[in-house]
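First the structure, in the form of structure tokens, and then the observations on it.
All of the numbers you see were taken from the coordinates with simple rules; none came from a lab. Computed from a predicted structure; not experimentally measured. Reconstructed Cβ throughout: ideal geometry from the backbone, glycine too, with neighbour counts over all protein chains shown.
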Amino acid sequence: MATLDTALDPRAPAFLDNRSTAQAALRVLEQAHGQARDGGGEKEVTRHHARGKLLPRERIELLVDSDTALLELAATAGRASGEPAGAGLVTAVGVIDGVECMLVASDPTVRDGGPAQTGRRKLARAVELAGRQSLPLVLLLEATPDAGRPAAPDPGLAQLSRLATPVLCAVFGPLDAWLAPLPDLSDHAIVVRGRAEAVRVDLVAEDDRDALRLLRQSVRRLVTSRPVAAPDEGMAPRYEADELLAVASADPGRPADAREVLARVLDGSDFDEFRPQQGLGLLAGFGAVHGHRVAVLAGTDAVIDTASAAKGAELARLAAAARMPVLVLANPPVPGPDDHSALLLRELGRAERITVVLGAEPGAWTVAGPGFRFTWPVGDLSADPYDGVIDPRDTRTVLGICLSVAARSAPADREVTP
């Protein structure tokens, strides 16, 4: 493999401008995260704590293994559409008793007056990812005190019945508010201080902490598939992650330099480029992130012509055959008459993929199809089409978590039509 070099000059005006723009966007993002963490506001949070109950993120933090990575998904979803930031729901990938799980927790402090469309989509996306990645699904559900209305949107229970992975559910309060069929679609149902006679319930917990203890116990007993052996962490990149703030272009129409991104994300900044003399509209190659092998596709400042699409499609085919995830770095496309991305999209549908959007309005082929999707703070911070807006400096960490999940779940014959 070749070691990537860098052309960034920390003294250059463009470097300083880009970094300043990124820092401003991150301040807005942090404000949105704060709104999501605040839930329904100080009054509602105080009232909830006074009942001896925990907030959704507090429940998740106590449920997962200490000192393990936790990746919250779509934390700011709904903000731009006028709904509460986070849409009254917390979804995350976390580790429980050594097992990576998809966690869904409703926020009873958020009273939005009715089911929020963004929350419905957010929950559906969590269920979709759990099924695709073979992640046990752990539900932490609670009704608001008024009228027994669920704090999270109606989950559309049909999706749960199709999951091939374990579903574990804890209901904090009256079970009727979450519809009687719910426990029958789970492998283990726990009710906290609620009625358990009407429907099948496996355990009744005394309080929130007891429910979390029982959930950890249930994961230990019911989840027979253990995670794959963790690979080596891999050599750290040769360049500082902080410089990714300057890689994000201040010009919305100008693509970020994918090579500069890879130099700060890949193990050892090592990249084995694939067909470098062909198809200059796409950068393609192989590398590793936290010890996980990964294929890479990134748009450049050229259109997707026939040769570029063929090169990308071949790399995606090789990656799928090797059960290797494809990392797509999505840049804004340059308008042009020749767009042959349909071929590329078809082959990408046969591979596991993780997409990171580096610029506003990326090409359609980069964000269509299955797999994790994240974006840098370059556009709408509600990020409804994505699984989260991430700090560019956290890109390597986020990819490491997603690649660990993909390595655990990789099936032998996965084929998904985008």
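Summary of values
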read-out: Computed label-point distance, nm, for sites Arg238 and Glu61 using a 7 Å Cα→Cβ extension; value: 4.0
read-out: C-alpha center-to-center spacing [the stretch 52-108, the stretch 247-322] in angstrom; value: 32
read-out: Contour excess over end-to-end distance, with Cα ends at Asp9 and Asp202 and 0.36 nm allotted per residue; value: 63.4 nm
read-out: Qualifying lysines (Cα of each under 19 Å from Cα of Lys43; at least 8 residues distant if same chain); value: Lys53
read-out: Integer Hz, Karplus 6.51/-1.76/1.60 couplings in order for the stretch 52-64, x for Gly and Pro; value: x, 10, 9, 6, x, 5, 5, 5, 5, 4, 7, 7, 7
read-out: q = 0.15 Å⁻¹, the stretch 241-409: log10 I(q)/I(0) [Debye, one scatterer per Cα]; value: -0.75
